[in-house]
Amino acid sequence: MNHDSPIRDTIVRLLSNIGSAKEIQQYLKRFSQRDASRFAVVKVGGAILRDDLEALVSSLGFLQQVGLTPIVIHGAGPQLDAELAAEGVRKRTVDGLRVTTKKVLKTVRRVCLQENLRLVEALQVQGIRAVSLNSGVLEAKLLNERKYGMVGKVVAVHTQAVYSAIQSGSIPVISSLGETADGQIVNINADWAANEVVKTLQPYKIIFLTNTGGLLDGDDNIIDSINLSTDYARLMQQPWLHSGMKVKIEQIAELLAELPSDSSVSITKPSELAKELFTHRGSGTLVRKGQRILSAGRWSQIDKARMQKLMESGFGRKMKAGYFRDNNPAKIYYSADYRTALVLLAVDGAMYLDKFAVADDAQGEGLGAAAWSVMRQHTLKLFWRSRHDNPVNAFYLQAADGCLKCGHWTVFWYGLQGFAEIEQAVSYCLGKPASFHELDAS
């Protein structure tokens with residue numbers, strides 16, 4: 001699709017209520033630069049097909065309209081439970097897998113085909129091109145017939161039909177039915193099936209659509225981003241991390257370990273998919289392999305040329321000569337790939353955040369938040385300034401104990417004690433020269 005098409009421009013305007021046009025265009029450009037078959041695999045649970053079909057169809061249609069074709073793979077667990085109950089068949093599970101007798105398999109096949117066609121038809125009714133793929137994609141072998149019945153494990157993902165659908169501009173909709181080499185239909189756990197499709201296709205985005213809209217913390221709030229490099233060990237130790245979510249994070253970590261470093265997992269609701277994909281704040285949980293966050297105490301310990309390039313990318317301005325000479329850092333926190341960094345100066349018993357930069361192509365990944373989290377663990381008192389129109393101010397307001405608007409700047413702080421310390425911090429912020437040339441955002 002032509003990136004300057006009237007339809008695309010109209011959609012960007014319609015999206016302006018969820019984020020800035022700049023953000024949306026940035027993500028569209030980023031996604032469109034990928035191989036079409038590597039954009040995204042979307043895993044849809046049976047509960048979403050049952051309860052939220054309209055929002056799902058709308059979100060998938062939106063992606064198609066902006067020239068992005070996701071690969072959809074779905075389950076049908078709740079529908080199958082209901083159908084088997086109506087047939088008087090008791091549900092049996094072993095190791096979390098549905099025991100699938102030949103009688104049960106007949107129902108599994110019928111329900112999976114029914115749900116697959118229901119989604120494809122709902123898409124087509126709205127003018128969205130979609131193709132039903134119920135066979136020929138997932139080659140499997142029986143896992144353990146004595147123990148689980150006709151339950152399969154994927155041994156190969158055949159991509160020809162998937163690629164053919166994408167090349168014709170149609171969304172491939174794959175059910176979690178597999179076939180053995182000799183043609184026996186088998187039941188495959190939908191999460192297992194999605195994981196194998198992901199490993200084969202190596203997509204840029206993996207999207208899990210759920211009713212909760214994300215992974216939840218101990219207060220039942222959605223965790224907005226997880227940088228596995230810096231957060232994984234800490235998360236695994238949290239007492240509120242119940243077994244189901246713990247397993248989900250472990251599975252995501254294992255999955256991302258087999259994918260390119262720029263791949264990520266988003267967990268969100270169908271109605272929030274556009275916001276999750278096309279805005280920095282997102283709406284759900286973004287999980288990335290992430291980068292290690294390193295620290296240094298002197299400019300000589302880092303690559304200053306890469307640091308300057310990062311700062312100029314993040315702020316969109318050229319840095320004035322002499323910055324590294326005139327500013328002696330107390331601490332520098334930076335990602336191993338130089339796509340985010342925080343520079344702290346020591347000022348009267350506190351730390352001044354002189355620079356917080358996130359490279360233009362890394363914004364919205366959660367990398368900056370990961371670096372901030374590492375810095376926060378080691379910094380008891382911090383103050384900093386920001387232009388009033390800086391889009392990151394919403395994040396700063398959440399991170400700060402207080403703030404004060406003064407002239408062109410808003411001064412933020414946390415950990416400062418009493419009026420004297422705050423007054424001193426504000427005075428320093430207002431007196432410090434800008435580090436970038438005209439219209440800077442230092």
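Approximating the spin labels as points 7 Å out from Cα along Cα→Cβ, the R50-to-K106 distance works out to 2.3 nm. Each helix, a run of at least 4 DSSP H residues, gives -39500 (n - 2.57); summed and divided by the residues of the chain, these come to -12000 deg cm²/dmol at 222 nm. The mean sequence distance of close C-alpha pairs (under 8 Å, at least 6 residues apart), as a share of the length of segment 177-311, puts its relative contact order at 30 percent. Take every DSSP beta bridge whose two residues both sit in segment 106-216; close to 55 percent of them are antiparallel. Between the helical axis of 418-431 and the longest alpha-carbon principal axis of the chain there is an angle of about 80 degrees.
Computed from Cα positions, the angle between helix 77-86 and the longest principal axis of the chain comes to roughly 30 degrees. Of all lysines in the structure, the ones whose alpha carbon falls short of 18 Å from that of K432, not counting any fewer than 8 places away in one chain, are K318, K320, K355, K405. 3J(HN,Hα) along segment 227-233: 9, 4, 4, 10, 9, 4, 4 Hz, from the Karplus curve 6.51 cos²θ - 1.76 cosθ + 1.60 with θ = phi - 60°, whole Hz, x for Gly and Pro.
Ranked by the mean number of other Cβ atoms within 10 Å of their residues, highest first, the peptides 111-122, 38-49 come out as 38-49, 111-122. Against the chain, whose longest principal axis comes from its Cα atoms, helix 21-32 is set at around 50 degrees. Accessible area per residue for segment 89-191 is 51 Å², calculated with a 1.4 Å probe on protein heavy atoms, without ligands, DNA or RNA. Summary of packing: across the peptides 338-351, 254-267, the per-residue average of other C-beta atoms within 10 Å ranks them, highest first, as 338-351, 254-267. Protection proxy ranking, highest mean first, for peptides 200-209, 420-429: 200-209, 420-429, where packing is the per-residue count of other beta-carbon atoms within 10 Å, averaged. Of the accessible area of the chain, computed with a 1.4 Å probe over protein heavy atoms only, carbon and sulfur atoms account for 49 percent. Phi-derived couplings, Karplus 6.51 cos²θ - 1.76 cosθ + 1.60 at θ = phi - 60°, listed residue by residue for segment 145-156: 4, 5, 8, 10, x, 8, 9, x, 10, 5, 10, 7 Hz, with x used for Gly and Pro.
The relative contact order of the chain, computed from alpha carbon pairs under 8 Å that lie at least 6 residues apart in sequence, is 12 percent. Looking at this model, which pairs from K205/K269; K309/K331; K248/K381; K205/K248 are more than 27 angstrom apart at the alpha-carbon? Among K205/K269; K309/K331; K248/K381; K205/K248, the Cα-Cα distance tops 27 Å for K248/K381. Have a look at the DSSP beta bridges in segment 25-166 and tell me what percent are antiparallel, nearest 5. Of the beta bridges lying entirely in segment 25-166, close to 60 percent run antiparallel. Close amide H contacts of I223 (hydrogens built in the peptide plane, cut-off under 5 Å, sequence separation of 5 or more or a different chain): L215, L216, D217.
In the chain, taking the dipole from charged Cβ atoms about the Cα centre, the farthest positive-side position among A434, L382, M245 is held by M245. Is segment 354-400 rounded, prolate or oblate when judged by the Cα gyration tensor, a ≥ b ≥ c being the square roots of its eigenvalues, rounded requiring a/c under 1.5 and prolate requiring a/b larger than b/c? Since a/c reaches 1.5 but b/c is at least a/b, the shape of segment 354-400 is classed as oblate. Using the 1.4 Å probe convention, the accessible area of segment 250-392 works out to 42 Å² per residue with neighbouring protein chains retained. Based on C-alpha pairs under 8 angstrom that are at least 6 apart in sequence, segment 241-343 has a relative contact order of 23 percent.
Take every DSSP beta bridge whose two residues both sit in the chain, then give the antiparallel share in percent to the nearest 5.
60 percent
Note on K141: aspartates and glutamates with a C-alpha under 20 Å away, same-chain residues under 8 apart excluded, are D95, E179, D182, D191, E196.
Legend: calculated FRET efficiency, E258 to A86, from the Cβ-Cβ distance at R0 = 45 Å, rounded to 0.05, equals 0.70. Taking θ as phi - 60° and the Karplus parameters 6.51, -1.76 and 1.60, the scalar couplings of segment 292-306 work out to 5, 9, 9, 9, 8, x, 9, 4, 5, 8, 10, 8, 5, 5, 5 Hz in sequence order, x denoting glycine and proline.
The values are calculated or read from the model by the stated rules, or taken from the named source; none is laboratory data. Keep in mind that this is a model prediction, so the values were computed, not measured. Heads up, the Cβs are rebuilt from the backbone with ideal geometry, glycines too, and the neighbour counts pull from every protein chain shown. Note: areas computed on protein heavy atoms with side chains; ligands, DNA, RNA excluded. Shrake-Rupley method; radii C 1.70, N 1.55, O 1.52, S 1.80 Å.
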